[in-house]
Each structure stands twice: as C-alpha cells, then as structure tokens.
1. Per-residue ellipticity at 222 nm for chain A, helices alone: DSSP H runs ≥ 4 residues times -39500 (n - 2.57), over residue total, nearest 500 deg cm²/dmol?
2. Tell me the relative contact order for chain B as a rounded percent, counting alpha carbon contacts under 8 Å between residues six or more apart.
3. Provide the FRET efficiency to the nearest 0.05 for the residue B:48-residue A:116 pair, computing r from the beta carbons and using R0 = 41 Å.
4. Which whole-number percent of Cα pairs in the stretch A:4-80 have a distance greater than 21 Å?
5. For chain B, which span is the longest to avoid every loop-located (per DSSP) member of GluC sites (Glu not before Pro) having at most 16 other Cβ atoms inside 10 Å?
6. Over the protein assembly as shown, what per residue volume does the convex hull of the Cα atoms give, in whole Å³?
7. Between residue A:37 and residue A:6, what's the calculated FRET efficiency when r is the beta-carbon distance and R0 is 22 Å? Round to 0.05.
8. Report the accessible area of residue A:46, computed with a 1.4 Å probe over the heavy atoms of all protein chains in place, in Å² rounded to the nearest 10.
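The values are calculated or read from the model by the stated rules, or taken from the named source; none is laboratory data. Please read all numbers here as calculations on a predicted model, not as lab measurements. Don't worry about glycine lacking a Cβ; one is built from the backbone with ideal geometry, like all the others, and counts go over all protein chains shown. Heavy atoms of the whole protein, side chains included, go into the accessibility calculation; ligands, DNA and RNA do not. Shrake-Rupley method; radii C 1.70, N 1.55, O 1.52, S 1.80 Å.
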2 protein chains.
Amino acid sequence: MFELDIRSRQPIYEQLVEKMKELIIHEVWKPNEQLPSVRLLAKELTINPNTIQKAYRELEHQGYIYSILGKGSFVAPQSPSVNHEKAETIKQQIFKLLCEALYIGMAKEDLLALVEKAEQTVKGEEKR
Amino acid sequence: MFELDIRSRQPIYEQLVEKMKELIIHEVWKPNEQLPSVRLLAKELTINPNTIQKAYRELEHQGYIYSILGKGSFVAPQSPSVNHEKAETIKQQIFKLLCEALYIGMAKEDLLALVEKAEQTVKGEEKR
DNA sequence: CCAACTGTACTAATTATTATAATACAGTTA
DNA sequence: TAACTGTATTATAATAATTAGTACAGTTGG
C-alpha cells in the first residue's frame with residue numbers, strides 16, 4: 001500500500017503523513033472512509049504500531065483525519081479549516097521553491113502549468 | 001546576519017543552507033563575492049565551525065558556491081547547471097505543496113500570482 | 001620568509017530524535 | 001464476552017546532529 005524507505009533520513013512517520021495526505025487530497029481515500037487500524041497497518045508495513053500512531057496523531061492534529069476511541073480513524077469530511085497561519089507558511093514554502101526553480105533555469109510557463117495541473121487533480125471545496 | 005533557531009528540529013546546517021541559498025538567489029550576495037570564512041562565521045553565530053563547513057560543503061555540492069583552499073569560499077558566478085534530475089525533484093515538491101494549498105482553500109489566482117512574484121525577484125539567466 | 005589567515009579532514013564525546021518493544025487501559029461491537 | 005478499536009507510558013537501542021579538539025595544506029600581506 002505504501003512504499004516506505006526505511007533507510008531514508010526522513011523519519012518513517014513523516015513519510016507516512018505525506019503519503020496519506022496525498023491520498024486524502026486526491027480523494028483516493030474518500031471523506032469518512034475508515035483508515036486501516038494502527039495495529040493492522042503496522043503489521044502490513046512491518047513497522048512498530050507506535051510509529052503508525054505518531055503519524056495518525058499528526059494527521060489528526062493537521063485536520064486531515066479524526067479518530068474515535070474504540071471505533072477507528074477516519075478521513076475528515078471537510079478540508080482543514082483555512083488556518084491563516086498555516087496558509088501563510090505553505091505560501092512561503094511554495095515561494096521559496098518557485099524562486100529556486102526559476103534560478104536553476106526552469107521556465108515560468110512550466111511553473112504556471114503546474115498550478116493548472118494541481119487544480120485539476122485536487123478535490124475542490126464544493127461547499128463554502 | 002542570520003537568525004538561527006537552535007532549538008528547532010531542523011538541523012542548524014540545513015537552516016544555514018536554506019538562508020544562504022536565498023541570499024544568492026536574490027542576489028543579496030553577488031557572483032564571486034567572498035563568503036565569511038568558516039571560523040569567522042562560526043564565531044559570530046556562536047556555533048561550531050564544523051557545522052558551518054558542513055553547510056558550505058552542501059552549498060558547493062549543489063553548485064551555489066565554490067571554495068578554494070587557502071583563499072576562501074565564493075558565490076558561484078553561474079546558476080547551478082540545470083540538472084534534469086534536480087529540476088524534476090523540485091517540480092514534484094512544488095506540485096505537492098500546490099495541491100495542499102488548494103486543498104486547504106487557497107485560491108488558484110493567488111498561486112499564479114506567486115509565480116509572477118517569484119519571477120520578479122529572482123535573478124534571471126542573462127546569458128545562456 | 002613567516003605569521004595569520006583560508007579550506008579541509010579526522011576522531012571522540014555529547015545530545016536529541018527516531019524507532020522498537022512490551023504493557024496497559026478504555027471504548028466499541030458482533 | 002471476546003476481539004477488535006484508539007491511546008498512553010516506560011524503557012531501550014540506533015541513528016543523526018552538534019560540539020570539541022587537533023591537524024594538515026594552501027594563500028597572502030608585511
């Protein structure tokens with residue numbers, strides 16, 4: 001289900017958070033869909049349950065999933081509320097990367113095209 | 001000269017690499033300008049010289065600076081050659097962040113504007 | 001020529017973080 | 001009630017970041 005690089009310098013739980021965010025953002029995992037349990041996923045990936053839980057805790061903190069004691073963890077039905085602070089952080093990260101891309105010679109048109117491509121693959125906010 | 005967050009989970013040398021890349025990309029540090037020496041900068045920032053050198057080594061590896069034994073370290077006169085692999089990596093990083101930005105509700109227009117803004121603040125490739 | 005600067009390299013010790021392991025407790029459900 | 005869920009805690013091992021100290025090599029101005 002996931003391709004994890006154990007020997008990567010990036011922590012396993014961070015890799016998990018990133019991959020799961022992608023699945024949710026691109027609606028491979030639908031709203032309110034149940035996620036694999038901590039223990040089951042740990043067994044499948046042959047890593048420690050604590051590592052999975054750490055990823056789930058982070059995803060819940062960021063508003064991508066919600067957990068109910070005894071029932072399970074589920075995809076949050078709505079996108080995380082537009083935290084202004086969070087939005088500003090992402091904006092800065094994107095800007096930094098855009099500058100770097102332009103500096104090493106990427107074409108502005110290619111970057112504009114990236115925005116278009118992203119918009120087509122991301123679930124929009126139907127209601128808001 | 002730099003604001004470093006010692007207690008950040010992000011390693012000091014990575015923070016240094018990022019900040020210096022910004023200075024170079026936005027031409028605050030001009031081509032062939034000499035960088036502060038490893039030992040001097042270490043004293044100013046009250047961190048270990050080895051940490052500075054690690055950052056310089058990484059910057060040289062990425063093509064942003066060059067070092068000459070006995071003379072010093074200098075800003076590379078040309079942007080790093082457009083490594084295709086490197087460009088692809090950055091593209092993926094940008095795409096991932098763009099998707100996340102759209103998902104949490106940022107407007108497509110704001111993201112397009114970011115590209116324009118970046119283009120205006122980055123030194124273009126005059127000769128190539 | 002030489003003192004004082006530059007980059008570079010190496011080893012050792014310390015600290016922080018990551019990941020594992022082993023439990024334990026609480027809530028849900030068939 | 002058994003078997004599943006999330007959650008929490010403690011201890012341990014492994015890895016990475018950082019500091020510290022030392023050393024060597026090349027450059028340069030006096």
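1. -17500 deg cm²/dmol
2. 24 percent
3. Between residue B:48 and residue A:116 the formula returns 0.35.
4. Details: 605 of 2926 pairs.
In whole percent, the share of Cα-Cα pairs in the stretch A:4-80 beyond 21 Å is 21.
5. Here the longest run is B:34-124.
6. Here the figure is 154 Å³ per residue.
7. Result of the calculation: an efficiency of 0.55.
8. 120 Å²
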